[in-house]
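Okay, so here's the structure we're looking at.
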Amino acid sequence: MNIFIKSIFFLMASLIFVSCTDEESFGDKVIISIIKENNTRKFDSIEKGFLDQIHLDNLDVHMNFYTSNGDDLSIIEIANKVRDDNSTIAIVMGENAALVSMNVIVPQSIIFAGCLDPHSLESIKKSKIQNNNITGVYGVLDITKYLDIISTKKVSSFAYLYSKHSRISPHVSDELMNYCSNSNINYYPLIIEEDDDINDVERMITSKNIDYLYLAREKYINDNIYNIDFICDKYAIPMINTDLESALNVGILFSLDFNYYYLGRQLALLLSKVIDNNGSTDGIDFVKVEDAYRLLLNTDAAKLCNINFTEEILEKRYIMISNGNILRK
């Protein structure tokens, strides 16, 4: 019996020792929580760039990993967990995740990475003024910079297909409307309602005389990309987007996308600055990542739509699709 009691005592003591050792094993390490908006190539690329740079710099941190389903409810649920965990810095990968979680994660400093339209960025900057705990790396994907040089033929009409209740797309539409107004281009916002099906979308697209159809980066459009591609192919309407992944799978004429791996590396460099600043974002401004865009041109789609790319845009391209082959610089 004494031996049994001694064995139990020794086991309990061992467990207490291991527990204490685990708690102390972090030592002086900074504990960070990483929220990834979704498991997609985009966010995986940000995460890989981030982790590669951390390892390259030998940054001594302990990381808690969280991944949402991409919807607001899932992001808020994770943000509540992060608010109450043992981290001092929250890393948020994704534009929507940053916008949804920034007012939930209060104790931690927040560092985000995402491509943000100017209106979304202003919302985050206002929150920084209130809490003084947010900074991040960002790039703005401005498709209008390429419209003037996309083709030898002048652009006379431009349409934007997006969902009515999107958090970001209506702001993008406002920017496009201003641009088209100043450039004497007819602008058509094509707004998808919640109960619209693909037949409704087809009627919208074909109701206007469209030179180019710009697709918003949204779940509805991603889920129906092959149907939309079929419609545009049927009526020879060239498509533009800001999603290189989908552009490789369907007949997107022109795609402007961000180098998300590079964005992740810049995120890690910003984290290092925040750590050196005692974990505070005070005095550390937002970092705009320049010259990290990738341009895709699809000459096969151009031929179908009778479009000739300009030499200027051909020089800027990163990926070209020609005769079904993907050519990279």
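Per-structure values
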{"item": "Meets criteria (surrounded by fewer than 17 Cβ atoms within 10 Å (Cβ to Cβ) and over 30 Å from residue 90 (Cα atoms)) for residue 235", "result": "yes"}
{"item": "Residue that is modelled with the lowest pLDDT, among those in the stretch 78-107 that are surrounded by fewer than 20 Cβ atoms within 10 Å (Cβ to Cβ) and either in a helix (DSSP H, G or I) or polar (S, T, N, Q) (or both)", "result": "103"}
{"item": "The stretch 222-232, residues that are open to solvent by less than 20 Å² (accessible area, probe 1.4 Å), farther than 15 Å from residue 300 by Cα and not β-branched (Val, Ile, Thr)", "result": "none"}
{"item": "Selection within the stretch 289-311 - charged (D, E, K, R) and either over 20 Å from residue 244 (Cβ atoms) or touching a helix residue (DSSP H, G or I) at 6+ places or on another chain (Cβ under 8 Å) (or both)", "result": "294, 303, 311"}
{"item": "The stretch 244-261 - residue that is among the small types (Gly, Ala, Ser) and open to solvent by 10 Å² or more (accessible area, probe 1.4 Å) and, of those, modelled with the lowest pLDDT", "result": "246"}
{"item": "Cβ pairs under 7 Å, 6+ apart, first in the stretch 53-66 and under 10 Å from residue 268 (Cα atoms), second open to solvent by less than 70 Å² (accessible area, probe 1.4 Å) and assigned to a strand (DSSP E or B)", "result": "54/61"}
{"item": "Elements of type strands (runs of 3 or more DSSP E) contained in the stretch 112-198, each with 1 or more residues being open to solvent by 70 Å² or more (accessible area, probe 1.4 Å) and without any contact (Cβ under 8 Å) to a residue 60 or more places away in the chain", "result": "186-192"}
{"item": "Whichever residue in the stretch 65-77 is of a type in the set (A, V, I, L, M, F, W, C) and over 16 Å from residue 40 (Cβ atoms) and, among such residues, is most open to solvent (accessible area, probe 1.4 Å)", "result": "73"}
{"item": "Where a residue in the stretch 270-284 is without any contact (Cβ under 8 Å) to a residue 12 or more places away in the chain and open to solvent by 90 Å² or more (accessible area, probe 1.4 Å) and its partner, wherever it lies, is of a type outside the set (S, T, N, Q) and in a loop (DSSP other than H, G, I, E, B), with Cβ under 9 Å and at least six apart", "result": "273/284"}
{"item": "Qualifying residue in the stretch 212-223 (condition: more than 26 Å from residue 148 (Cα to Cα) and either touching a Phe, Trp or Tyr at 6+ places or on another chain (Cβ under 8 Å) or touching a residue at least 60 places away in the same chain (Cβ under 8 Å) (or both))", "result": "yes"}
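The values are calculated or read from the model by the stated rules, or taken from the named source; none is laboratory data. Treat the numbers as computed from the prediction; the structure is a model and nothing was measured. Every residue, glycine among them, receives a Cβ derived from its backbone with ideal geometry; neighbour counts consider all protein chains shown. Calculation scope for accessible area: heavy atoms of the full protein, side chains included, ligands and nucleic acids excluded. Shrake-Rupley method; radii C 1.70, N 1.55, O 1.52, S 1.80 Å.
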